[in-house]
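Visitor: Starting off with a structure, shown below.
The values are calculated or read from the model by the stated rules, or taken from the named source; none is laboratory data. Please read these numbers as outputs of a predicted model, since none were measured by experiment. Positions of Cβ are generated from backbone atoms using ideal geometry, with glycine treated the same way; all protein chains shown enter the neighbour counts. The area values use the complete protein model at the heavy-atom level, side chains included, leaving out ligands, DNA and RNA. Shrake-Rupley method; radii C 1.70, N 1.55, O 1.52, S 1.80 Å.
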Amino acid sequence: ERIEGVVGLGGADVWDEGGQFVGRLAQGVLLSVQARSADDAWLYVTAESGLSGWVAADAAIVFDAARLQPREIVLIPLTPAPTLALPAATGAAQLALLPTPTAAGLMSSAGESKGGMPLTAPVGALPTARVRVEGGRLNVRSGPDASQPVLAKAQPDEVYRLLGRSADGDWLQIERPDLADGFGWVAAEYMEAGADLSSLPVRSDVSGAPVFGSVAATATFTPTLASESATPAPTADRRGLPVPPLRSRPAPTGQSSGSATGLSGTLVIQTVWGGDISLYNLATGELRLLTGGFDPSLSPDGSQVAFTREGGENGVYVIDVASGEERLIFGGRQHLRSPKWSPDGRWVVFVRGDEYILCKNDPARCGISSELPSGEFPERERQPALARVSADGGKYEDLPVLQYAGAPDWSVDGVVYQSLGGLQITQDAPGADTQLVYFDILKQYELDPDWQPRTANQAGGIAFHQREASHWEIYVVNPDGSGLHALTQPPFALAESFPSNVSPAWSPDGEHIVYLSNRTAQNTAGTWRVWVMDKDGGN
């Protein structure tokens, strides 16, 4: 059996079973995943390029990996992997697994900076440093100060040559030949260097390159939640530094700029899972960078966004939309995902995936037939569960759910979530029963439920997406399981590739649904974009 996956944030190293380095896959590369190690630490994958081997499980985004055949392997990667050797005179340690050189990367040439420092020195003549950030990208500024405008973004794990430092050592000047003056400044605390940087020349020159976002660029976004409220521009990003100016997203072909739909309000969206989180104004078409992380969710009043982060900044966060001030409301646990607000904005429900169930002595708990030989199923499996924490971080409690709970959404009528047993509803109360909404054992994979806000005129349907053979479609069902019907469906019975429609989210008034679709003008599968439709699937 094979399942699909994608390379996660920062890319993935590929190894053979002997621990030899095979190659490196970039973030976002599609994977065919064929097997997993018995300890769930490794996945055997084949990329679109044909590169095959083992990657660390936490370096890939894979749904339901527990279905894969486990292999009893002990994989110990041999180090060092391919490196760029630096002369001993620089005092720099070797940096392993350097990315493929690009216009913004290590091996490049340019003219001189404003300060006259040559940027064409041979590779190795200058010390290097690697970008070390989690859940986002690093701001490259015009000068060594947080008040200077952002010129570009540096990706996690990119390596740059260092041209200088600020007098206090808090900022590093890096070579950026893609910028007009060939350099930019980054905060030193987010760079990992292989040399003593005290010998770098002290510099203070400021680049005159255009500000980041001043030239609009087309992008694909993942909608998470809609809000009616208008949101003022923040003054700082997730590190307390000034954010870039507003930038407009070009209208799709055939549409005018601004809001072609006549809608108003704000979407919180992501271009890449685990990357930048932005606010999109439906009325003006303006896009504003807010922070970085996973699974953003806008509060009911539109004033805050909840999200999660991995790595050293692991936890559930809340950021104030107006000020850009962030605060950690829950930490100390791993694999935190999918935060959603309670209707009154006082609580945040989320998924925590740091517990395991043992399969070896009780395979039925893992959904495994007891007739299978014990060597064909894992000794343990991760068991995602739901919890909630108060918006101020002061109170925490687990919620009663079935095994493998995920993607919660909170309404006045309870918390709906996905599970291996279909869509379920639980309550924020000790000992509450979880109630079945809908489960089709022949189709399965009822995912990402979103609860329509209850009003005086409507009880609130639950939108979700479900597998339809080769593609996915959006459905809506009543909380009692009645009234199931499709909101999207293929326009033709035959096509080379059917498009998919996924990730529905209701507008606060319950009249519209925003979602992702990769349908083209010819109604075949193509580029993913953000769409909106009426609550009945029309328009």
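Visitor: How many residues are open to solvent by 10 Å² or more (accessible area, probe 1.4 Å) and not small (Gly, Ala, Ser) if we restrict to segment 152-171?
Guide: Counting residues in segment 152-171 that are open to solvent by 10 Å² or more (accessible area, probe 1.4 Å) and not small (Gly, Ala, Ser) gives 9.
Visitor: Within segment 287-306, can one find any residue that is closer than 22 Å to residue 28 by Cα, open to solvent by less than 10 Å² (accessible area, probe 1.4 Å), in a strand (DSSP E or B) and touching a Leu at 6+ places or on another chain (Cβ under 6 Å)?
Guide: Looking through segment 287-306, at least one residue is closer than 22 Å to residue 28 by Cα, open to solvent by less than 10 Å² (accessible area, probe 1.4 Å), in a strand (DSSP E or B) and touching a Leu at 6+ places or on another chain (Cβ under 6 Å).
Visitor: Also, quick follow-up: Of all residues being among the hydroxyl-bearing types (Ser, Thr, Tyr) and farther than 27 Å from residue 131 by Cβ in segment 1-59, which is modelled with the lowest pLDDT? Just the residue, please.
Guide: My answer is 52.
Visitor: What pairs come up if the first residue lies in segment 408-424 and is farther than 14 Å from residue 504 by Cβ and among the acidic types (Asp, Glu), the second is in a loop (DSSP other than H, G, I, E, B) and open to solvent by less than 10 Å² (accessible area, probe 1.4 Å), and their beta carbons are under 8 Å apart, counting only those six or more places apart or on different chains?
Guide: Listed by first residue and then by second, the contacts come to 413/460.
Visitor: May I ask you to list the residues in segment 385-407 that are in contact (Cβ under 8 Å) with a residue 40 or more places away in the chain and over 19 Å from residue 317 (Cα atoms)?
Guide: 399, 403, 405
Visitor: Among residues belonging to segment 390-420 that are more than 26 Å from residue 64 (Cα to Cα) and part of a loop (DSSP other than H, G, I, E, B), point out the one that is least open to solvent (accessible area, probe 1.4 Å).
Guide: 391
Visitor: Just to be sure before I move on: is residue 94 open to solvent by 40 Å² or more (accessible area, probe 1.4 Å), polar (S, T, N, Q) and modelled with pLDDT of 75 or more in the structure I sent?
Guide: Against the criterion (open to solvent by 40 Å² or more (accessible area, probe 1.4 Å), polar (S, T, N, Q) and modelled with pLDDT of 75 or more), residue 94 does not qualify.
Visitor: Residue 522 passes all but one of (1) of a type in the set (S, T, N, Q); (2) farther than 25 Å from residue 272 by Cβ; (3) open to solvent by less than 40 Å² (accessible area, probe 1.4 Å); which number fails?
Guide: Going through (1) of a type in the set (S, T, N, Q); (2) farther than 25 Å from residue 272 by Cβ; (3) open to solvent by less than 40 Å² (accessible area, probe 1.4 Å) one by one, residue 522 breaks only (3).
Visitor: Can you pull out the residues in segment 250-272 that are closer than 21 Å to residue 299 by Cα, modelled with pLDDT of 75 or more and of a type outside the set (A, V, I, L, M)?
Guide: Matches in segment 250-272: 264, 265, 266, 270.
Visitor: Another question about this same structure. Give the residue that is modelled with the highest pLDDT, with candidates limited to residues of segment 178-197 that are touching a Gly at 6+ places or on another chain (Cβ under 8 Å) and open to solvent by less than 70 Å² (accessible area, probe 1.4 Å).
Guide: In this case the residue turns out to be 185.
Visitor: Of all the residues that make up segment 493-539, how many are within 20 Å of residue 471 (Cα to Cα) and among the acidic types (Asp, Glu)?
Guide: 1
Visitor: Only residues that are open to solvent by 50 Å² or more (accessible area, probe 1.4 Å) and either on the phi > 0 side of the Ramachandran plot or not acidic (Asp, Glu) (or both): list them for segment 6-39, please.
Guide: Of everything in segment 6-39, those that are open to solvent by 50 Å² or more (accessible area, probe 1.4 Å) and either on the phi > 0 side of the Ramachandran plot or not acidic (Asp, Glu) (or both) turn out to be 9, 18, 20, 21, 22, 24, 26, 27, 30.
Visitor: Taking segment 41-66, which residues are within 28 Å of residue 404 (Cβ to Cβ) and open to solvent by 50 Å² or more (accessible area, probe 1.4 Å)?
Guide: 44, 58, 61, 63 - these are the residues of segment 41-66 that are within 28 Å of residue 404 (Cβ to Cβ) and open to solvent by 50 Å² or more (accessible area, probe 1.4 Å).
Visitor: Follow-up question, since we're still on this one. Among the numbered criteria (1) farther than 20 Å from residue 137 by Cα; (2) modelled with pLDDT of 85 or more; (3) among the polar types (S, T, N, Q); (4) open to solvent by less than 50 Å² (accessible area, probe 1.4 Å), which single criterion is violated by residue 229?
Guide: Going through (1) farther than 20 Å from residue 137 by Cα; (2) modelled with pLDDT of 85 or more; (3) among the polar types (S, T, N, Q); (4) open to solvent by less than 50 Å² (accessible area, probe 1.4 Å) one by one, residue 229 breaks only (2).
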